[in-house]
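Report on the structure given below.
The values are calculated or read from the model by the stated rules, or taken from the named source; none is laboratory data. Owing to the predicted nature of the structure, the values given are computational and were not obtained by experimental measurement. No Cβ is skipped: glycine too gets one built from the backbone with ideal geometry, and neighbour counts run over all protein chains shown. All accessible areas refer to the heavy atoms of the entire protein, side chains included, with ligands and DNA or RNA removed. Shrake-Rupley method; radii C 1.70, N 1.55, O 1.52, S 1.80 Å.
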Amino acid sequence: MLRSLVGSEMCIRDSFASVWTQIQGLSGEHGIYPAALMLARIRTDLAAPERWFRFPAGHLWVHCSDRALTATCASGVASAAYAVWGGEHSSKALLGCWSIMVTLCTVNPLLQYPWDCLLMEALLVCGCFVPDLLPIHHGGIAISRPPSLTAVYLFRLMLLRLMLGMAKFKFSAGWSHGSNLLFLKWFLCWQPLPTPLAYQLFHALPAQLFELLYRCMYCVEVLVPAWFIFAPHPSLRVAAAALTILLQLAIALQGNYGIFNLLTSALAIPLLSTGTFPTDTTALQGLMAGLLFLHAVISFPHNSYTTNAWPFCVPESALTSFSPGLQRVARTTLAIARWFAPYHVAHGYGVFTPGAPNHVTYERRQLVLRYSVDGGNTYHPIKPRWYPSESADRLRWFAPHQPRLDHHLFYEGFEVPLSETSHINPYFTCSPSIMPRVITRLMEPSAAVWGLFDSPPPTQPITQIAVVRHWVRFATPAESKDNKAVWVQLDPSERGFPTVELYQRGSTAVQSPVNLVPLSQQEHAGFWGQYAGAWADCHDLTVMTKCVVRPLSAAEEVELGTRVCGPGTW
């Protein structure tokens with residue numbers, strides 16, 4: 001348990017330190033989602049104190065500035081350091097970390113990935129149920145007294161729900177479904193931020209080995225978790241912990257998932273404890289444990305991205321078939337779940353919706369950004385810092401650092417609506433894409449947002465930015481040797497032509513010097529795509545005009561594709 005606590009605190013420190021380097025570009029005054037602008041809007045929509053409870057932004061309600069956001073991240077790092085150092089109320093410092101994470105999640109949708117939810121849940125349990133650490137200068141890291149049996153089982157239940165949650169959609173068709181046996185091979189290419197080893201394994205391992213590994217993963221994620229709680233002998237729990245940690249090591253070697261693998265391994269360590277634990281639990285702790293257990297059970301059927309949204313999605317008509325008594329119980333349960341949802345006290349887990357594993361193939365839809373300063377005559381790349389968008393971008397290891405925007409660009413490539421990845425905040429999901437916000441800030445130009453990219457901002461004003469989405473696959477070793485490419489664009493006959501959205505500087509603006517405007521018929525011929533607009537909404541960062549684009553001829557498609565992506569790509 002002690003090692004698990006220390007491992008969790010390392011995850012907290014890494015998580016806050018990672019967000020610290022990105023918070024200005026994500027939520028600063030000139031960031032993608034300005035926290036101050038959103039809170040000001042909420043003030044006009046909701047009265048106090050309802051807005052404080054519905055949107056728990058904590059001290060940012062009093063003062064929200066770039067310095068306040070930076071100080072918030074710094075206080076998270078300091079709280080984690082104090083918890084590791086030990087001393088009186090050191091475990092309560094973890095409650096402070098939980099409160100800070102809830103505050104940051106409230107003001108930005110890119111801070112709510114599954115591992116963030118898992119960390120907040122672990123912080124709440126640690127702060128409420130785990131004793132203080134003794135000061136580190138008293139002879140190393142030591143706990144003041146053994147944790148209660150309640151805390152031990154809450155951690156075991158958390159890990160059980162995590163493992164089964166990740167498996168419940170992935171293996172919905174069983175462990176031998178023909179279309180899924182190569183899931184692991186395909187996922188090496190399809191995943192958001194692969195590592196260099198993922199590329200090597202994709203080409204080096206035979207299909208039969210991938211099928212065997214798929215079945216092994218089924219055993220570790222579906223069968224082994226039962227040993228976490230119901231193992232007839234402690235040695236089986238030790239074996240379950242070892243298998244879980246081994247699985248997390250394998251995942252970490254082939255993909256960058258922030259603190260997920262480190263945190264999951266830390267949660268597995270309590271399974272190694274074979275001694276007895278005191279059963280003394282206060283009435284308040286018992287009540288909290290019961291509520292956490294109930295909330296966790298109700299949330300289990302949902303995936304990581306809908307875990308806090310489901311209470312708001314149950315229609316009134318769904319309750320009419322219940323008896324009056326059950327209707328009162330259901331409405332009370334929903335009301336409690338809606339109030340607790342913004343605080344991330346318990347979650348469902350699983351990153352796939354039903355059927356999604358069947359959509360994982362050896363291909364991926366890549367997003368590429370280009371800008372022009374001369375009206376579209378020439379285009380230059382806007383390279384993300386970590387997301388491998390260009391064909392020759394090398395794959396890298398960078399976990400536990402979590403580049404928030406880079407990870408989300410993967411979903412933007414597939415045009416996944418923001419509402420499917422940002423939980424319940426309507427001020428985030430008012431527009432289905434974050435790209436209009438990103439483009440707006442790049443055109444200003446915002447130094448904070450450009451700092452999230454690897455390319456330097458241009459010295460001249462940007463007139464156009466093109467967003468290209470096209471299908472790619474891993475290059476073969478021979479192709480990679482010839483042109484140093486990691487990705488190879490698929491032939492349009494296989495997946496269709498790429499799509500291009502063109503954003504250009506407008507003559508008028510609302511709250512921003514950049515605005516999307518309808519293009520003339522002559523301007524239509526200068527780009528290829530399905531649409532070049534965004535979605536007007538009173539909560540959005542800017543008011544943008546939707547543009548409908550006529551289909552272009554094959555010659556026009558080739559012309560714009562060549563101008564944006566370069567010769568030979570179309």
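If I stretch the segment between Trp85 and Ala447 completely, what's the gain in nm (0.36 nm per residue apart, minus their alpha carbon distance), one decimal? Please list the in-between numbers first.
Numbers: separation 362, 0.36 × 362 = 130.32 nm, distance 3.65 nm.
Additional length available on full extension: 126.7 nm.
Counting 0.36 nm for each residue step from Arg331 to Leu294 and taking away their Cα separation leaves a gain of 11.8 nm. Taking all protein chains together and rolling a 1.4 Å probe, Leu26 ends up with roughly 0 Å² accessible. Note on Lys484 and Ala226: their simple-model spin labels are 5.4 nm apart, each label 7 Å out from Cα toward Cβ. A Förster radius of 30 Å combined with the Cβ-Cβ distance from Thr281 to Ala71 puts the calculated FRET efficiency at roughly 0.25.
Inter-label distance, Phe312 to Thr459: 4.7 nm, where each label sits 7 Å from its Cα along the C-beta direction.
With a 1.4 Å probe rolled over the protein heavy atoms of all chains, the accessible area of Lys484, Lys185, Lys383 falls in the order Lys484, Lys383, Lys185, largest first. Share of carbon and sulfur in the accessible area of the stretch 198-311 stands at 76%, probe radius 1.4 Å. Among the listed pairs Lys185/Lys481; Lys92/Lys168; Lys383/Lys484; Lys185/Lys383, a Cα-Cα separation exceeding 24 Å is found for Lys92/Lys168; Lys185/Lys383. The alpha carbon centroids of the stretch 284-298 and the stretch 20-68 are separated by 30 Å. Compute the distance from the alpha-carbon center of the stretch 236-252 to that of the stretch 319-347, in whole Å. Cα centres, the stretch 236-252 to the stretch 319-347: 36 Å. Shown is the FRET efficiency for Arg338 and Leu149, computed with R0 = 22 Å from the Cβ-Cβ distance and rounded to the nearest 0.05: 0.10. Each other residue within a Cβ distance under 13 Å of Arg338 adds +1 if Lys or Arg and -1 if Asp or Glu, for a net charge of +1.
Solvent exposure of the stretch 285-420, expressed per residue, is 43 Å² of accessible area, with all protein chains present and a 1.4 angstrom probe. The order of Asp374, Asp116, Asp14, Asp454 by accessible area, most exposed first and with a 1.4 Å probe, is Asp454, Asp374, Asp14, Asp116. Note on surface exposure: Arg328, Arg370 rank Arg328, Arg370 by accessible area, highest first, 1.4 Å probe. With a Förster radius of 25 Å applied to the beta-carbon distance between Glu390 and Gln200, the computed FRET efficiency rounds to 0.80.
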